[in-house]
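Each remark here refers to the structure printed beneath this line.
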Amino acid sequence: MAFAPLRKTAAALSAAAAILLAIPPTASAAPTPHSPYGTLARENFDHLPLGPVTSSGNWTTDTSDGTLTVAPSTTGHGRELRIRTEGNGHAFLVFPDLAPPGNSYWARLRLRVADFPTAPDWAHWTIAEASGSDAPTLVRPLGGQYAPTDKGNFWGVGSDLGLTGDWTSWKTSAPAKAGKWQCAEFHLDATDNRVTVYLNGVEQSDLTVSTKNHGGTADDFTFPTFDKLKLGWQLYQADPSPSSYDVRVDDVAVSGRRVGCGAGDS
């Protein structure tokens, strides 16, 4: 009689194990759509075949004189996206149909730009562009410009096609360094139409723009209702030097909360 409860317990455990084994492996392995950071989109390219790519899952591409290719990681682990453009071409990874709560979100990506432009003077480039179908305003939270007066390229936040016009608010306190991997983050906060940029986890406060504080006309800077995010490379001036550009991107995350640079997209 003393062993009956043990036999019943063993039988119950055996039955529970059988139920667990009956569950398809993908049922527990698949992440929920908004975990673990209120995720809107993410990509680390490790599950994609090597070679040219035009779409996958929740993203597509936008190119002109440019290509996107999944390549072995330059760090020796996994895979990454290689973006290559010629002249003033562009090549973007595009996340469509975003619906960020409160029209605000964070984005994180790791990137390496082989070379920034050195001609023509004031050559302007974009890494990230956020937009919405309800207004023409293009918000460029991550980009920059070649400033001949300061003999270098500098990060800056910008915008185009809205009431504040075409502008890039670059700062010499944020030099753009070629040939090095770095973690870039930005936060689009609709409460004050505020764009905040972080490089390698450090806030670049000089780059922050908002409704009244920006680089355009005297009009208020206001966000569209965001539904699309483009990440990649675009150079706007013809006949630049160098004549082609190589950008590597990895560990992309778009979220309602800050993901940070310490969390890889595994």
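Annotation for ASP246 and LYS171: the two label points, set 7 Å from Cα along the Cα-Cβ direction, are 3.2 nm apart.
If the chain linking HIS77 and GLN182 were pulled fully straight, counting 0.36 nm for each residue of separation and taking away their Cα-Cα distance, it would gain 36.2 nm. Rounded, prolate or oblate: which fits the range 74-182, taking a ≥ b ≥ c as square roots of the Cα gyration tensor eigenvalues, rounded meaning a/c under 1.5, else prolate when a/b beats b/c? Note, shape of the range 74-182 comes out oblate. Label separation (THR225 vs ALA238): 3.9 nm, computed from points 7 Å beyond Cα along the C-beta direction.
Using C-alpha pairs under 8 Å with a sequence gap of at least 6, the mean separation divided by the residue count of the range 111-229 gives a relative contact order of 27 percent. Cross-link partners of LYS151 among aspartates and glutamates, defined as those whose alpha carbon lies under 18 angstrom from its own and excluding same-chain residues fewer than eight positions apart: ASP115, ASP121.
What you get for the range 192-266, charging only the Cβ of Lys and Arg (+1) and of Asp and Glu (-1), is a dipole of about 180 debye around the Cα centre.
Here the gap between THR211 and THR54, fully extended at 0.36 nm per residue and compared with their Cα-Cα distance, gives a gain of 53.0 nm. The simple Förster model, with R0 at 25 Å and r as the Cβ-Cβ distance, assigns VAL202 and ALA114 a FRET efficiency of 0.65.
Quick note: the coordinates plus some simple rules give every number you see, no bench work behind them. A quick note: this is a predicted structure, and the numbers were derived from the prediction, not measured. Here Cβ is always computed from backbone atoms with ideal geometry, including for glycine, and neighbour counts include all displayed protein chains.
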